[in-house]
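Inspection log for the structure reproduced underneath, given as structure tokens.
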Amino acid sequence: MAAVLTDLAPHLALAVGGLAALGTAWLPRAAARSLTPVVAALFALLPGLWAVWTGGEASGMTRFFAGLLSVITLAVTGLLARFADRRGFAGDALYGLVLWSALGMLLLAESTDWIMLLLGLELASLCLYALVAARTDDGLGAEAALKYFLPGAVGLAVMTFGVSLVYAASGSLDIADSLAAGGPLVAAGLALALVGLGFKLSLAPVHLWTPDVYQGAPAPVAAFLSTGSKAAVAAALLHLCAEAPPETMDVLAPALVAVAALTMAVGNLGALLQKSVKRMLAFSSIGQMGYLAMAALAVNDGGGEAALYYLAAYALMDLGAFGAVGALSGDGPDRDAIESYRGLGYVYPWRCGALCACLLSLAGLPPTAGFMGKFLVFGAALRAGYVGLAVFGILMAVVGIFYALRLVATLYMRQSVEALPVLPAPTGPAAAAVLWAVSAGVLALGLFPGPLLAAIASIVGE
């Protein structure tokens with residue numbers, strides 16, 4: 001019993017944490033406003049502590065994603081603390097939904113059973129639908145939530161039908177056992193399941209919801225959606241590709257190659273055309289998922305290790321980028337037009353410095369974590385024989401440098417003193433600490449990748 005409770009500790013922490021966040025509604029309003037994010041942060045921290053110091057008999061993959069999702073959830077809680085309070089949508093439900101969505105992400109990332117995979121995916125998604133529309137006075141957020149919910153329901157239906165085909169052909173709900181059965185019906189079911197995951201992962205051509213949703217969601221919620229959700233779904237994608245028998249992958253690989261190439265092209269070229277920072281980051285996210293899809297193709301040739309490293313690096317990049325957008329915004333709508341960032345580097349040097357570090361990492365420039373992540377992913381693709389796809393990915397990564405440098409240059413375009421923007425209210429200590437931490441992490445993982453790579457190698461080798 002003790003071992004079972006130890007293994008369930010991160011799940012219980014997130015589930016009970018959501019209830020504890022809701023329980024702060026019984027406190028006086030002033031006390032609840034300051035205490036709720038603290039309670040949420042404490043419970044978000046527990047899975048990470050469990051992954052580092054306890055772990056029980058859980059697999060290394062479970063510990064990795066428990067730690068990664070703990071970091072993401074803790075960071076998003078810090079970014080939301082002052083941001084949501086100043087805009088009037090802070091409350092117990094907000095933080096409860098964040099923790100329960102993180103629980104769904106953890107269940108999805110570690111699932112070895114089809115039913116658990118579907119339940120984890122839907123728990124995470126239902127909470128995210130509500131979080132996107134957290135600002136009830138914002139029509140753009142409500143529209144974004146609807147655009148996320150309707151295609152999401154279709155994607156889940158397609159995936160569920162695919163799972164039913166796999167089960168009908170194999171008679172098993174265990175992912176490894178059912179895929180090992182092989183056959184055309186299993187291949188068809190797996191293909192439909194990958195379509196559903198592709199929607200959640202923003203793989204082209206089922207990516208069209210992403211820019212609208214990211215633009216309409218509050219910046220910290222967009223950070224959560226682009227990091228935690230993507231990490232969990234990517235884990236499921238890697239698992240399915242690793243467990244699929246060679247004959248099934250031989251059938252599906254050409255389609256996955258085309259999807260990965262199209263996703264990289266749509267993401268990087270689309271980002272070049274944007275005048276909105278959040279839409280630009282959304283297209284950048286699409287492009288990054290193309291690189292992960294390429295790693296999934298090479299999952300048995302070192303792509304798994306490369307993908308796990310890239311997920312950790314990507315989480316830091318997007319947390320910092322969207323966190324900086326929120327920190328550079330006033331009390332109203334998020335600062336979104338690229339032109340509105342002109343000269344901000346001279347007004348908010350530290351916040352803009354964090355944004356620049358994350359943008360350069362998204363572009364894959366050394367010495368950042370993004371450069372090392374792309375290096376590993378392209379290396380895995382080359383070892384697996386996907387030379388043409390790797391070369392195309394490198395070309396698209398070069399394109400990605402331009403949209404990142406465009407925003408960096410805009411931050412440091414000089415204006416007259418009268419034209420400089422008005423300084424908004426302080427971001428708060430929690431958001432400032434998150435920006436400092438993710439900026440340091442982006443540089444540390446780029447300069448010293450060895451410890452994380454060694455930990456990932458031991459996890460994959462279990």
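Checked across segment 44-59, the condition of being closer than 20 Å to Leu106 by Cα, hydroxyl-bearing (Ser, Thr, Tyr) and assigned to a helix (DSSP H, G or I) holds for no residue. If you go through segment 253-289 and keep only what is touching a strand residue (DSSP E or B) at 6+ places or on another chain (Cβ under 8 Å) and not aliphatic (A, V, I, L, M), you end up with Lys275, Ser276. Among the conditions (1) assigned to a helix (DSSP H, G or I); (2) more than 23 Å from Ala307 (Cβ to Cβ); (3) open to solvent by 30 Å² or more (accessible area, probe 1.4 Å), Arg63 misses just one, which is (2). Only a single item in (1) more than 17 Å from the chain's Cα centre (by Cα); (2) under 23 Å from Asp334 (Cα atoms); (3) surrounded by fewer than 24 Cβ atoms within 10 Å (Cβ to Cβ) is not met by Tyr129, and it is number (1). Do we have Val434 as at pLDDT 90 or above and within 27 Å of Met61 (Cα to Cα) here? Judged against the criteria, Val434 is a match.
Restricting Ala157, Ala144, Ala102 to those that are of a type in the set (Gly, Ala, Ser) and at pLDDT 95 or above reduces the list to Ala102. Counting only residues that are closer than 22 Å to Val266 by Cβ and either in contact with a Gly (Cβ under 8 Å, 6 or more places away or on another chain) or in contact (Cβ under 8 Å) with a residue 40 or more places away in the chain (or both), segment 381-396 holds 7 of them. When segment 20-32 is filtered for residues that are closer than 15 Å to Leu94 by Cα and surrounded by 14 or more Cβ atoms within 10 Å (Cβ to Cβ), the ones remaining, listed by number, are Ala20, Ala21, Leu22, Gly23, Thr24, Ala32. Against the condition out of contact with any His (no Cβ under 7 Å at 6 or more places or on another chain) and surrounded by fewer than 23 Cβ atoms within 10 Å (Cβ to Cβ), how does Leu292 come out, does it pass? No, not satisfied. Within segment 244-289, the set of residues being of a type in the set (A, V, I, L, M), open to solvent by less than 30 Å² (accessible area, probe 1.4 Å) and within 30 Å of Asp336 (Cα to Cα) comprises Ala260, Ala261, Met264, Ala265, Ala271, Val277, Met280, Leu281, Ala282, Ile286, Met289. Assessment of segment 100-122 against the conditions (under 14 Å from Val233 (Cα atoms), open to solvent by 50 Å² or more (accessible area, probe 1.4 Å), in contact with a strand residue (DSSP E or B) (Cβ under 7 Å, 6 or more places away or on another chain) and touching a residue at least 40 places away in the same chain (Cβ under 8 Å)) yields at least one matching residue. Apart from one condition, Leu106 fits all of (1) in contact with a Phe, Trp or Tyr (Cβ under 8 Å, 6 or more places away or on another chain); (2) closer than 21 Å to Leu146 by Cβ; the exception is (2). For segment 42-61, the tally of residues that are within 23 Å of Leu97 (Cβ to Cβ) and in contact (Cβ under 8 Å) with a residue 40 or more places away in the chain stands at 5.
Restricting the search to helices (runs of 4 or more DSSP H) fully inside segment 124-232 and requiring at least 1 residues that are out of contact with any Asp or Glu (no Cβ under 8 Å at 6 or more places or on another chain) and closer than 25 Å to Leu272 by Cβ gives 139-170, 184-201, 209-216, 219-224.
Evaluation of Cys241 against the conditions (1) closer than 19 Å to Leu146 by Cα; (2) buried (at least 24 other Cβ atoms within 10 Å of the Cβ) shows that the sole unmet condition is (1). Counting only helices (runs of 4 or more DSSP H) that sit completely within segment 311-406, those holding 3 or more residues that are open to solvent by 20 Å² or more (accessible area, probe 1.4 Å) and among the aromatic types (Phe, Trp, Tyr) correspond to 369-383. With respect to being out of contact with any His (no Cβ under 6 Å at 6 or more places or on another chain) and modelled with pLDDT under 90, Thr248 fits the description. No other residue among Ala15, Ala84 is touching a residue at least 60 places away in the same chain (Cβ under 8 Å), of a type in the set (A, V, I, L, M, F, W, C), over 17 Å from Val434 (Cα atoms) and open to solvent by less than 60 Å² (accessible area, probe 1.4 Å) apart from Ala15.
The values are calculated or read from the model by the stated rules, or taken from the named source; none is laboratory data. Please read these numbers as outputs of a predicted model, since none were measured by experiment. FYI the Cβ positions are ideal-geometry reconstructions off the backbone, even for glycines, and counts take in every protein chain you see. Each accessible area value is taken on the protein alone, full model and side chains, heavy atoms only, with ligands, DNA and RNA left out. Shrake-Rupley method; radii C 1.70, N 1.55, O 1.52, S 1.80 Å.
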